[in-house]
Structure formats: structure tokens, C-alpha cells
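The values are calculated or read from the model by the stated rules, or taken from the named source; none is laboratory data. What you are looking at is a predicted structure, and each value in this text was computed from that prediction instead of being measured. Positions of Cβ are backbone-derived with ideal geometry, glycine not excepted, and every protein chain shown enters the neighbour counts. Only protein heavy atoms, including side chains, enter the accessible area calculation; ligands, DNA and RNA are left aside. Shrake-Rupley method; radii C 1.70, N 1.55, O 1.52, S 1.80 Å.
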Amino acid sequence: ENLGDGREHELAMFRELLRRLIDVFSRSLFWIMPPSPPAGCSDDPPRLLLVGLGNPGRQYESTRHNVGRLALAEICVAAGIAPFEKHATADVAVGTLGSVRVAAVVPRLYMNVCGGAVSALARDLRLPAASVLVLHDDLDLAPGKVKLKLGGSAGGARMHHLLGTASP
């Protein structure tokens, strides 16, 4: 299912939903984790890893399967998180969302094989799996619906399995 071929109305609805989600998410991030120290230095380490899952390649760019990447791109634009720098297996940008220093990550690997790359980035940043937030599609949800959940399962993106952690 392609989001870009003549379906501007659906794309506009998707962007509006994301804007609302970003607003709620950035205002309530303190419920997830305490704010970053108030040093204000751009070298402060990230406390949260935001990962936008999808598949590489032009054929996947505007598909529902890439909604994680699309959502992360919108979040980064709204929060002014840029520029993305190329790392071995992902593009990474560091910035502030609400009062929390975050690293936004777009793996350049297919969804089903990116867990090792995300795990390595989390390890490099000394972040526990609980500080990794994965944005991805869920075919069990109707378009326009969003679900926030703690943990993972074999039926989903299996990021907990790929990160080497147990799901709750």
C-alpha cells in the first residue's frame, strides 16, 4: 500500500496525526524518563534512542511498512533534530525532544535484520534496552491508529529479542 500515489488527503491526515502525537509525546516524556541534566551543552549524551524502522530503497519509501521512518522524520523536523550523520549501519541525529536529549536513528538495513545495529548503537551510547523507543508499523492496527506499548513480542518487530533482552 503506497501512501504517495494520489492520496494526498491520507498523507495530510497522517502528518496531522503525527503532529498531535509529537505534541503529546514531547509534553509527557517526563513520564517515561527524567529530563536530561540542565547543562544545555550540545555534547550531553542522549538518554533516549528513537528508532524509526522501515526498509531501505525507493520502492519502500512511501509504503505503510516505512511508517516508522516517516514518523521519525516528522518528529525530527518538528523538534529541530538535525543533521543526520552516516554511521556504519544507520543514520543518526542527536537533539532535544521536550527536555530529553535523544538520538534519532534510521537503520539502513531491512527491518528484520536491524536489531544488531540498533543494539550496537545503544551499547555505544551506554543506553539500556528500556531507553530504546522503536517506531514501526503494525498491520493489526487500522491506518490512523497509534499504539504505545512497553515491551515486545515475537509477533511484532521483535526488537527485544534482537536487542538480547526479555520482553515483560
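Within the full protein context, the accessible area of residue 16 is estimated at about 70 Å² for a probe radius of 1.4 Å.
In terms of the mean number of neighbouring beta-carbon atoms within 10 Å, the peptides 57-67, 128-138 order highest first as 128-138, 57-67.
Quick one: net charge of residue 84's neighbours, Cβ under 12 Å, K/R +1, D/E -1?
Working: positive: 69, 86, 108; negative: 85, 91.
Neighbour charge sum, excluding residue 84 itself: +1.
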